[in-house]
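Notes follow the structure.
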Amino acid sequence: MITKGPRGTADILPSDIEKWQFIENTAKETAKTFGFKEIRTPVFEHTELFQRGVGDTTDVVQKEMYTFNDKADRSITLRPEGTASVARSYLEHSLYALPAPVKLFYNITCYRYEKPQAGRMREFHQFGAEAYGLDTPAVDAEIIAFASTLFKNLGIKDLELNINSIGCKECRANYNKALIEYLKAHSDKLCGTCHERLEKNPMRVLDCKNPECKVAAANAPSILDHICDGCREHFEETKKHLDNFGIKYNIDPSIVRGLDYYTRTVFEFVSHSIGAQGTVCGGGRYDGLIEELGGTPTPGIGFATGLERILLVMEAQNVKFPTESVPEIYIASLGQETAVMSLCYELRQQGIWAECDLAGKSLKAQMKNADRSQAKYSIVIGDNEVETNSANIKDMTTGEKEEIKIDCASVAAFLRGEVLK
């Protein structure tokens, strides 16, 4: 049906766009205060990038990607997340030559074939940040502080920060042995996908959304009991930095995140205002990602948050959005369409939102349009006003009127609260 968008997509209408712009602008300004610079990557990439970067045992790669062959028979995938693309760009353009840490942020659309529900769409919007080149706990704490500050700046309250360490490649190998032993004893309760994961990547079982798998994994060994001394020290130092920032957190050993590239620190921000889909932000360290994509070993850490999910939380918490923008002035014509349109054009060149009639409506209809537009001021320009170069400007809220000159400079100065010299 061509008059209805594909399932799992949504139009953002003018009545809602300013909410989105507020979230996007707040994210951008918060990124600026933390020293992050914007990067923009293609909507589609070679499929292998996500198979290697995200992991071929993940739900994203196995079940959710939009993959197709292009006209040259190359396998192409619409990006399901942002980190792998940023990592590819980091390598392709030698951003590793820049002073570390290289701090990047993005605001993108992503695509996953999932069951659409509140806060989860097949085309969705994601804001994320990545920092490459340093493996110190201070970077971990800063990226978490960035996310925490973003939500504070948006006016979101009562978010719960949960953190964990999933160790490095070496200590995780020992944990996997213990985890496999435990899961094999409960294998009769695992779904078919988790049976496949059991040998390849058993930690993915802990992230499975199947209720029976969740029950089976409920008493699984804790990764925190198996991490090496280096990973434990890293985690402890990260927590100390968060304590110094005054950022509260819970330690949650069940957090493993859903993508294969994560190592050491992982975290989630969770809201209890929107029901089951409460995770509004997830992130962590991925020190093996650049190497997996063909680069030299390079530490990295980041987070991503869905804008649909953020909007749900803000609306559930009745967060006040900025007042919707309205025209500064509506200029009505009484037989002087050319003069009115010229003045309107000149004001717009000055950066002033001005509106006028384009349909040849009566003065009464024009004033109804002025009311409907919620313009702050209005002016009626007829033959007499053009002849005297003056007119009454009306405050549409109070009804008060004041005579001013109707050349562009005078009207612009009045609207800006300036005194024209």
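The values are calculated or read from the model by the stated rules, or taken from the named source; none is laboratory data. Only a predicted model underlies this, so the values are computations on that prediction, with no experimental measurement involved. Reconstructed Cβ throughout: ideal geometry from the backbone, glycine too, with neighbour counts over all protein chains shown.
General remarks:
- Residues (surrounded by fewer than 19 Cβ atoms within 10 Å (Cβ to Cβ) and either in a helix (DSSP H, G or I) or not aromatic (Phe, Trp, Tyr) (or both)) located in the range 309-327: Glu315, Ala316, Gln317, Asn318, Val319, Lys320, Pro322, Thr323, Glu324, Ser325, Val326
- Every condition in (1) touching a residue at least 40 places away in the same chain (Cβ under 8 Å); (2) among the basic types (Lys, Arg); (3) under 22 Å from Gly302 (Cα atoms); (4) in a helix (DSSP H, G or I) is met by Lys63 except one, and the failing one is (3).
- Selection from the range 188-245 of residues that are exposed (fewer than 15 other Cβ atoms within 10 Å of the Cβ) and among the aromatic types (Phe, Trp, Tyr): Phe245
- Among the residues making up the range 328-349, those that are surrounded by fewer than 15 Cβ atoms within 10 Å (Cβ to Cβ) and either at pLDDT below 95 or within 19 Å of Asn389 (Cα to Cα) (or both) are Gly335, Glu337, Thr338, Ser342, Tyr345.
- Filtering Glu81, Glu48, Glu130 for residues that are within 26 Å of Thr263 (Cβ to Cβ) and assigned to a loop (DSSP other than H, G, I, E, B) leaves a single hit, Glu81.
- Hey, Pro137 within 27 Å of Phe245 (Cβ to Cβ) and surrounded by fewer than 22 Cβ atoms within 10 Å (Cβ to Cβ) or not: yes
- Residues in the range 347-382 that are of a type in the set (Gly, Ala, Ser), more than 14 Å from Lys394 (Cβ to Cβ) and touching a helix residue (DSSP H, G or I) at 6+ places or on another chain (Cβ under 8 Å): Ala354, Gly360.
- Lone unmet requirement of (1) in contact (Cβ under 8 Å) with a residue 40 or more places away in the chain; (2) within 29 Å of Gly295 (Cα to Cα); (3) touching a strand residue (DSSP E or B) at 6+ places or on another chain (Cβ under 7 Å); (4) of a type in the set (Gly, Ala, Ser) for Gly8: (2)
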